[in-house]
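Student: Sharing a structure below in C-alpha cells format, with a few things to ask.
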Amino acid sequence: MVDAPDLYGLIGHPVAHSRSPLIHRLFAAQTGQDMSYVLLDADPAEFDDVVADFRNRGGKGLNVTVPHKEAAFRLSGPRTERARMAGAVNTLAWQDGDLLGDNTDGAGLVRDLQTNLGIRLEDATILVAGAGGAASGIIGPLLDCGAGCIVIANRTPERADTLVARFRSCPQLQSAPFPEVRGDFDLIINATSASLSGQVPPVPDTAVGPTTFCYDLMYSKDPTAFLAWAVARGARDSADGLGMLVEQAAESFLVWRGIRPATAPVLDEVRRSLS
Ligand code: ATR
C-alpha cells in the first residue's frame, strides 16, 4: 500500500481565499516532499476541537491565521522564544507527542525586507503604524536586527503604550500618538488592518521623505491604499506583504520538514496568481 502524503493545513476564519495551499504545494514540489495542505475554516469557539480532529486524522502541522493566533499560543507547548515574544503562534507542529508553538511572521518580514528588498535594518529609524496582533509579532524581530529606533503609533494610543511596555527597558522603542510623530523615517511599516477597508492610517505626511521605504503587511493585486498614499508623498520605494507571506511560509516549512525552500520563484508565481 502507498503511504498517504503527510498532512498539513491552515486554520483561520475565513480562509477560503488563502494563497497558503498554493505556496506549500510549490514548496513541496520544489523540494520533493510528499505532503498535502488543506484549509480549515473554524469559528473561534470550535478552534480546539478542529485542531484535535485534524490531529486525529494524522495531521503533522498547522499554520494559524486570524483570528486564532492567540488561541494557538494558549493551546501549544513548548513554545519557541519568538512565539513567546509575539504572544501569538502562527505555526503548530506535533513533535514527539508535544504541540510545538512557533511564530514565523517576524522572521518572514525580516527576510523579505533584508534579503528580497535589500533594506538595511541595523540602526534604521522605523515607524510601525498599528499596535494589534500583526504589530506585536514584528517588534521583537526588528529589534533583534539592531533597529536604531522604533516608534509605534496607533489610532488608540493606549494600545501602543501597552505594546511598548511589553518590551520593558528597551531604549530603542517608543510610542507616540499619530499627530505627535516627528521626523522622517528610513522605513514605515503599516501593521494596521486599514488596507482591508481601503483606508490609510493617519501617518503624518512629514514622516515620509525621499529616503523612506514604505511596507504594508497587507497585500493585494493593486497597490494598497497605504502604498498609493506613500508613493504620492514621494517615498523612495514601497512593497506589500506578499513577500512576507511567502517567507513566513518558508520558515514554517523549515520547522515542519527541515528544509528551507527557495522563495523567489514561488513569490513570482503567487504574484501572478493574484492577477
Ligand atoms: P491584526 O491582528 O490584523 O493586527 P487587530 O489586533 O484587530 O488585528 O489590530 C488592528 C490594528 O489596525 C489596530 O492597531 C487598529 O487600531 P486600533 O487599535 O485603534 O483599533 C488598526 N486599525 C484598523 N483600522 C484602522 C484605520 N482605519 N485607521 C487606523 N488604524 C486602524
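The values are calculated or read from the model by the stated rules, or taken from the named source; none is laboratory data. In this text, all values refer to a predicted model and were calculated from it rather than measured experimentally. Note: ideal-geometry Cβ built from the backbone for every residue, glycine included; neighbour counts use all protein chains shown. Accessible surface areas use protein heavy atoms only, side chains included; no ligands, DNA or RNA. Shrake-Rupley method; radii C 1.70, N 1.55, O 1.52, S 1.80 Å.
Student: Here is a check on your reading of the model: is Asp237 surrounded by fewer than 22 Cβ atoms within 10 Å (Cβ to Cβ) and either more than 12 Å from Asp184 (Cα to Cα) or within 18 Å of the chain's Cα centre (by Cα) (or both)?
Tutor: Working: surrounded by fewer than 22 Cβ atoms within 10 Å (Cβ to Cβ): yes; either more than 12 Å from Asp184 (Cα to Cα) or within 18 Å of the chain's Cα centre (by Cα) (or both): yes.
The answer is yes for Asp237.
Student: For segment 48-66, which residues satisfy the criterion of being modelled with pLDDT of 95 or more and over 16 Å from Ala93 (Cα atoms)?
Tutor: First, the residues of segment 48-66 that are modelled with pLDDT of 95 or more: 48-65.
Within segment 48-66, Asp49 is the sole residue that qualifies.
Student: For segment 74-86, give me each residue that is open to solvent by less than 60 Å² (accessible area, probe 1.4 Å) and part of a loop (DSSP other than H, G, I, E, B). If you could, list the steps in order and put the result at the bottom.
Tutor: Within segment 74-86, the first condition is being open to solvent by less than 60 Å² (accessible area, probe 1.4 Å), and the residues that meet it are 76-77, 80, 83, 85-86.
Within segment 74-86, Ser76, Thr80 meet the criteria.
Student: Between Ala160, Ala131, which is buried (at least 23 other Cβ atoms within 10 Å of the Cβ), within 14 Å of the chain's Cα centre (by Cα) and over 15 Å from Asp186 (Cβ atoms)? If you could, list the steps in order and put the result at the bottom.
Tutor: Values: Ala160 fails: within 14 Å of the chain's Cα centre (by Cα).
After ruling out the rest, the residue left standing is Ala131.
Rundown of residues vs (1) among the aliphatic types (A, V, I, L, M); (2) part of a strand (DSSP E or B), yes/no style:
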residue: Val66; (1), (2): yes, no
residue: Ala72; (1), (2): yes, no
residue: Ala88; (1), (2): yes, no
residue: Trp94; (1), (2): no, yes
residue: Gly101; (1), (2): no, yes
residue: Gly106; (1), (2): no, no
residue: Leu109; (1), (2): yes, no
residue: Leu113; (1), (2): yes, no
residue: Gly118; (1), (2): no, no
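Student: Among the residues of segment 54-72, is any under 17 Å from the mean Cα position of the chain (by Cα), free of Cβ contacts under 8 Å to residues at least 24 places away in the same chain and open to solvent by less than 50 Å² (accessible area, probe 1.4 Å)?
Tutor: First, the residues of segment 54-72 that are under 17 Å from the mean Cα position of the chain (by Cα): 62-72.
Now drop any that are not free of Cβ contacts under 8 Å to residues at least 24 places away in the same chain, which leaves none.
No: segment 54-72 contains no residue that is under 17 Å from the mean Cα position of the chain (by Cα), free of Cβ contacts under 8 Å to residues at least 24 places away in the same chain and open to solvent by less than 50 Å² (accessible area, probe 1.4 Å).
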